[in-house]
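Handing you this structure, nothing more for now.
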Amino acid sequence: MILTWQEPTNLENSIAEFLDDQIAQSTLTLLDANGIPVVPIVRIGRTFNVNWSLPMIQLYFDDTPVIRDIELGSNLKEINYLIIFEIRCALPGQEINLGKWVENTLNNGFEYYDYSPNSVNPNSPSKTQVGRVSLTFITSRPVSVGDDVELFDKYRYRLSIQCWISS
């Protein structure tokens with residue numbers, strides 16, 4: 001058996017796809033460092049890549065899931081995942097606006113998909129909708145690291161959610 005996408009990876013991809021769709025539907029743009037309107041990009045991964053362009057929404061699974069018994073004497077479990085969002089922008093104030101947009105957009109939850117390899121196009125996995133993600137916000141605030149930093153760290157906002165998947 002080849003271990004491919006599991007719940008954390010499926011969750012990251014479901015969130016990224018949902019945000020990409022919402023960005024496109026709302027024709028969302030922000031100004032880049034030159035004052036030109038650009039569409040924010042969504043990226044999955046803990047490490048920031050300096051070749052990524054701003055503005056961007058970076059997200060990643062963080063930490064071991066919290067697992068709780070649903071009822072005494074049952075093997076049924078409730079699994080809660082922690083997802084971190086690093087919102088990075090090119091101009092001051094944009095990080096707060098984009099952070100709040102992400103928060104409002106995720107607030108009502110979103111569809112959860114099970115992704116699997118696609119033999120026809122390996123770069124585009126197949127997906128099946130298998131549930132819905134509900135969430136609660138843990139943190140939502142600007143990250144201040146000072147003015148003497150690279151642009152990709154200068155105007156940052158961090159949002160963290162705890163989420164669970166229901167069928």
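The values are calculated or read from the model by the stated rules, or taken from the named source; none is laboratory data. What you see is a predicted model, and the numbers here were worked out from it, not measured in a lab. All Cβ positions, even for glycine, are placed from backbone atoms using ideal geometry, and neighbour counts span all protein chains on display.
Does I87 meet the test of being in contact with a Cys (Cβ under 7 Å, 6 or more places away or on another chain), closer than 25 Å to V133 by Cα and in contact (Cβ under 8 Å) with a residue 60 or more places away in the chain?
no
Which condition from (1) at pLDDT 85 or above; (2) loosely packed, with under 14 Cβ neighbours inside 10 Å; (3) at negative phi is the one that L91 breaks?
Status for L91: all satisfied but (2).
Follow-up. Being acidic (D, E) and farther than 19 Å from G45 by Cβ is the filter here; which residues of the stretch 77-104 pass it?
Hits for the stretch 77-104 are E78, E103.
Here's another thing I want to ask about it. Restricting to the stretch 144-167, give me the number of residues that are in a loop (DSSP other than H, G, I, E, B) and farther than 20 Å from R46 by Cβ.
Here the count works out to 5.
Criterion first (of a type in the set (D, E, K, R), under 16 Å from E7 (Cβ atoms) and assigned to a strand (DSSP E or B)) does R141 satisfy it?
No; evaluated as a whole, the condition is false for this residue.
Could you pull out the residue among V102, V130 that is at pLDDT 95 or above, of a type in the set (V, I, T), surrounded by 12 or more Cβ atoms within 10 Å (Cβ to Cβ) and in contact with a strand residue (DSSP E or B) (Cβ under 9 Å, 6 or more places away or on another chain)?
Values: V130 fails: at pLDDT 95 or above.
Being at pLDDT 95 or above, of a type in the set (V, I, T), surrounded by 12 or more Cβ atoms within 10 Å (Cβ to Cβ) and in contact with a strand residue (DSSP E or B) (Cβ under 9 Å, 6 or more places away or on another chain) holds for just one of V102, V130, which is V102.
Right, something else. Which condition number in (1) in contact (Cβ under 8 Å) with a residue 60 or more places away in the chain; (2) of a type in the set (G, A, S); (3) loosely packed, with under 10 Cβ neighbours inside 10 Å is the one that S74 fails?
(1)
Residue by residue through the stretch 96-117, note down the ones that are more than 18 Å from S134 (Cα to Cα) and under 15 Å from the mean Cα position of the chain (by Cα). Before the answer, list the steps.
As a first pass, look at the stretch 96-117 and keep what is more than 18 Å from S134 (Cα to Cα): 96-99, 115-117.
Answer for the stretch 96-117, where residues must be more than 18 Å from S134 (Cα to Cα) and under 15 Å from the mean Cα position of the chain (by Cα): L98, G99.
Identify the residue in the stretch 19-39 that is more than 18 Å from Y155 (Cα to Cα) and in contact with a strand residue (DSSP E or B) (Cβ under 8 Å, 6 or more places away or on another chain) and, among all such residues, is surrounded by the fewest Cβ atoms within 10 Å (Cβ to Cβ).
Out of the qualifying residues, it is D20.
Does T64 satisfy being out of contact with any strand residue (DSSP E or B) (no Cβ under 7 Å at 6 or more places or on another chain) and farther than 20 Å from R43 by Cβ?
yes
Does G131 fit the bill of being farther than 17 Å from N13 by Cβ and touching a residue at least 24 places away in the same chain (Cβ under 8 Å)? Before you say what the answer is, go through the steps one by one.
On the way: farther than 17 Å from N13 by Cβ: no; touching a residue at least 24 places away in the same chain (Cβ under 8 Å): yes.
No.
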